[in-house]
1. Can you work out the FRET efficiency for the pair ALA19 and SER63, with r the C-beta to C-beta distance and R0 = 25 Å, to the nearest 0.05?
2. With both bridge residues required to lie in the stretch 69-113, what share of the DSSP beta bridges run antiparallel, to the nearest 5%?
3. Using label points projected 7 Å from each Cα along Cα→Cβ, tell me how many nm separate ARG3 and SER44, to one decimal.
4. May I have the extent of the alpha carbons of the stretch 69-113 along their three principal axes, as whole Å values ordered from largest to smallest?
5. Counting only residues 5 or more places away or on other chains, whose amide H sits under 5 Å from the amide H of THR77 once H atoms are built in the peptide plane?
6. P(r) for the chain: what percent of alpha-carbon pairs falls in each 5 Å bin, starting at zero?
7. According to a simple spin-label model (label point 7 Å from Cα along Cα-to-Cβ), what is the distance in nm between ALA102 and GLN52?
Amino acid sequence: MTRMTADAWRALTTDIFKAMGLSTRDATWMGTCLTRADAMGRASHGLMRIPQYYGATLTGEVSLKTEPIVTRVAPATALIDAQLNFGQPVARDGMELAIELAREHGIGNVGIYN
């Protein structure tokens, strides 16, 4: 039996999500998140989700044709409309925005919705 390393799974998963139409950055993040979930023993949040995620792009539950939009920014807070994108990349972007806000205001709070 051939065993794959986590790096090999991450690369394969990244390629799958790039083939679905995600940007290299988002596909790499999806591959990282799903591989990490499996490596941490959380298979229910890991690689087994790939067929479900692919199916969601086919049914329109997930949109690959839209980009998340920051709909509101106020001192220390922001709100992001995920536009039906995959949650992992949008959550990463929201976290990055929260860090920016915290650096500027001492605290940062970002909400995300679809």
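1. 0.90
2. Looking only at bridges with both residues in the stretch 69-113, the antiparallel portion is about 50 percent.
3. Placing both labels 7 Å along Cα→Cβ, they lie 2.6 nm apart.
4. Result for the stretch 69-113: principal-axis Cα extents of 30, 17, 10 Å.
5. ASN109
6. Here the calculated profile for the chain is 2, 12, 19, 20, 17, 13, 10, 5, 1, 1, 0, 0.
7. 2.9
Values quoted throughout were computed directly from the atomic coordinates according to the rules given, and no laboratory measurement underlies them. Owing to the predicted nature of the structure, the values given are computational and were not obtained by experimental measurement. A quick note on method: Cβ atoms are made from the backbone with ideal geometry, for glycine too, and the neighbour counts reach across all protein chains shown.
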